[in-house]
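Novice: Could you have a look at this structure, given as structure tokens, before my questions?
The values are calculated or read from the model by the stated rules, or taken from the named source; none is laboratory data. If you're wondering where the values come from, they're calculated on a predicted model, not measured in any experiment. Neighbour counts run over all protein chains shown; Cβ positions are idealised from the backbone, glycine included. When the accessible area is computed, the model is the full protein with side chains, heavy atoms only, and any ligands, DNA or RNA have been set aside. Shrake-Rupley method; radii C 1.70, N 1.55, O 1.52, S 1.80 Å.
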Amino acid sequence: MKILVLNSGSSSIKYKLYDMDNESVLAQGGVERIGLDKAFIKVKLPNGEKKQIMADLPTHKEGVSLVFNCLLDPEFGAIKSLDDIEAVGHRIVQGGDKYDKSVILTKQVEKDIEELCDLAPVHNAGHLKGIRAVNELMPNTPQVCVFDNAFHSTMPDYAYLYAIPYDLYENYHVRRYGFHGTSHRYVSHRVCEMLGLDFNKAKIITCHIGNGASVAAITNGKVVDTSMGLTPLEGLMMGTRCGDIDPSAVTYLMDKLGKKPQEMCDYLNKKSGVIGITGISSDMRDIENAAKEGNKRAQLALKMYDYRIKKYIGAYAAALGGVDVVVFTAGVGENQTGTRAQACKGLEFMGIKIDEAKNATIHGEEAIISTPDSKVKVVVVPTDEEIVIARDTKELIKK
């Protein structure tokens, strides 16, 4: 069974084609700059090299069509006919409180995703474009929607509600939803497989630390809290997002800077966080290099970044009543040894002891990085959100 996984953004499409008989990746790549000049697709070839093809891509339909053409290409393609693709799975960022699990796409599901655009205007609108492009080009192929916040739907109301008038939740669905759910779901299950733990009994803190970052607290197989909120802006300091901030600071700055609500939203989402503090880059590798060269603001940004991760780990250990495992994943979590070490430094009182020598050698691979006598296991688990989407898609279309 071959399943195509699509992650459609406002001007991009990432894809992976799986053979679900053995969960192998047959093809992968990404389309960039849809609707803009100099649009292209970058394809990972079977030998590991990457091929870039320029194209005129005015809409997502042309973008998806280009993906299909590459999959069918006689030189580097992976299938002989589009009929070989039995289903398409889509990552959907915002399912609101309508969806607590993955579903087969229907007209009603499509309508619901559109209605939820208010909560995630950029993301959900992009997902819809991908869905509709596949509908046009492969109308008889089933599609599945995997919601990024569904894994967090087990949060209790006292954790997901904001302390604002209750009718704002009832009328406008203003609450904390959380994101990166497919990643938190994958690594929490995978770490239990690695350590021989019962997922439904373990207390786990998962740290998805990338350009976007979030932490989740999981116990008895359920998420009880997560750091992102109504949108992905809340929580940790990120590459370009500010994370937690006093709302009064936002209104104060709007007045001082003369910014309208959407302009301020863009400012906090795209020009804040690491790049806002350093003025250098949103890439933590650049920040680490600058810090080593003595850049004071880069050093400050690292301290702020690592401190907030540690603060959430401590808070979630309290929420869980203890912790068995802390997991690091995503680009920074899997590769930046300094961030992992600093985020765990000072947490020895709660049973976390990092093996500094081992930690320094781990880049993008599964590994236990805590000492043998550490009461809490600290583990690096590379995430695989796409395989979660592919597995859900397979299970739903088999029913």
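Novice: What number comes out for accessible area per residue over the chain if the probe is 1.4 Å? Units Å², please.
Specialist: Details: 18680 Å² over 399 residues.
Averaged over the residues of the chain, the accessible area is 47 Å².
Novice: Run the numbers for TYR166 and LYS42: contour at 0.36 nm per residue of separation, minus the present Cα-Cα distance, in nm. Could the numbers behind the result be given before it?
Specialist: Numbers: separation 124, 0.36 × 124 = 44.64 nm, distance 4.72 nm.
Computed gain between TYR166 and LYS42 is 39.9 nm.
Novice: Explain nothing, just compute: Karplus ³J(HN,Hα) = 6.51 cos²θ - 1.76 cosθ + 1.60, θ = phi - 60°, for every residue of segment 77-88 in order, whole Hz, x for Gly and Pro.
Specialist: So the Karplus estimates, Gly and Pro as x, are x, 10, 9, 9, 8, 5, 5, 5, 7, 8, 6, 10 Hz.
Novice: Can you tell me how much longer the chain between LYS80 and MET54 gets when fully stretched, taken as 0.36 nm per residue apart minus their C-alpha distance, in nm with one decimal?
Specialist: Numbers: separation 26, 0.36 × 26 = 9.36 nm, distance 2.29 nm.
Using 0.36 nm per residue and subtracting the Cα-Cα distance, I get 7.1 nm.
Novice: Still on this structure, please answer the following. Looking at the chain, send over the antiparallel percent of its DSSP beta bridges, to the nearest 5.
Specialist: Numbers: 40 of 60 bridges.
Bridges in the chain are about 65 percent antiparallel.
Novice: How compact and how long is segment 2-147, expressed as Rg and Dmax of its alpha-carbon atoms in Å?
Specialist: Both quantities, over Cα of segment 2-147: 14.9, 45 Å.
Novice: Please give, to one decimal in nm, the separation of the simple spin-label points placed at ASP97 and LYS398, each 7 Å out from Cα toward the Cβ.
Specialist: Result for the modelled spin labels: 3.4 nm.
Novice: Given labels modelled 7 Å from the Cα in the Cβ direction, how far is it in nm from LYS222 to ASP266?
Specialist: 4.2 nm
Novice: May I pose another question? For each pair in LYS222/LYS399; LYS16/LYS358; LYS16/LYS80; LYS98/LYS222; LYS271/LYS345; LYS16/LYS50, compute the distance between the two Cα atoms and list the pairs where it is over 23 Å. Display every interim value, and only then the final one.
Specialist: Numbers: LYS222/LYS399 25 Å; LYS16/LYS358 32 Å; LYS16/LYS80 16 Å; LYS98/LYS222 18 Å; LYS271/LYS345 29 Å; LYS16/LYS50 14 Å.
From the list (LYS222/LYS399; LYS16/LYS358; LYS16/LYS80; LYS98/LYS222; LYS271/LYS345; LYS16/LYS50), the Cα-Cα distance tops 23 Å for LYS222/LYS399; LYS16/LYS358; LYS271/LYS345.
Novice: Taking only Cα atoms of segment 196-380, what ratio of Rg to Rh do you get with Rh as the Kirkwood inverse-distance radius?
Specialist: Working: Rg = 17.1 Å, Rh = 17.1 Å.
Rounded to two decimals, Rg over Rh is 1.00.
Novice: Sticking with this one: List every residue whose amide H lies under 5 Å from the amide H of ASP355, counting only residues 5 or more places away in sequence or on a different chain, with H placed 1.01 Å from N in the peptide plane.
Specialist: SER370, THR371
Novice: Now a separate question. How much length, in nm to one decimal, is gained on full extension between THR361 and LYS296, taken as 0.36 nm per residue of separation minus their Cα-Cα distance?
Specialist: Values: separation 65, 0.36 × 65 = 23.40 nm, distance 2.64 nm.
Taking 0.36 nm per residue and subtracting the Cα distance, the gain is 20.8 nm.
Novice: What does DSSP give for segment 2-147 in terms of the percent of beta bridges that are antiparallel, rounded to the nearest 5?
Specialist: On the way: 26 of 36 bridges.
Once the DSSP bridges in segment 2-147 are tallied, antiparallel ones form about 70 percent.
Novice: Right, another one. In a Gaussian network model over the chain where Cα atoms closer than 10 Å are linked, find which of PHE328, PHE199, PHE349 has the largest mean-square fluctuation.
Specialist: In the Gaussian network model the winner is PHE349.
Novice: Quick one: among ALA150, ALA120, ALA249, which has the greatest mean-square fluctuation in a GNM of the chain with alpha-carbon springs under 10 angstrom?
Specialist: It is ALA249.
Novice: At R0 = 35 Å, how high is the FRET efficiency between ALA315 and ASP19 if r is their beta carbon distance? Nearest 0.05 is fine.
Specialist: E(calc), rounded to 0.05, equals 0.25.
Novice: Using helices alone, I'd like the mean residue ellipticity at 222 nm for the chain: each DSSP H run of four-plus residues gives -39500 (n - 2.57), total over residue count, nearest 500.
Specialist: -12000 deg cm²/dmol
Novice: Have a look at ASN359, ASN135, ASN47 and tell me which one the Gaussian network model of the chain (Cα, springs below 10 Å) gives the largest fluctuation.
Specialist: Result for the chain, Cα springs under 10 Å: ASN47 fluctuates most.
Novice: Still on this structure, please answer the following. Amide H neighbours of GLY9 under 5 Å, at least 5 residues apart or on other chains, H built in the peptide plane: list them.
Specialist: LYS14
Novice: When the accessible area of segment 74-212 is split by element with a 1.4 Å probe, what percent falls to carbon and sulfur? Each step should come with its number before you reach the end.
Specialist: On the way: 3170 of 6460 Å².
On segment 74-212, the fraction of accessible area on carbon and sulfur atoms equals 49 percent.
Novice: While we're looking at this one, here's another question. Compute the distance in nm between two label points, each set 7 Å from the Cα along the Cα-to-Cβ direction, one at LEU253 and one at ARG285.
Specialist: For the pair LEU253/ARG285, the computed spacing is 2.8 nm.
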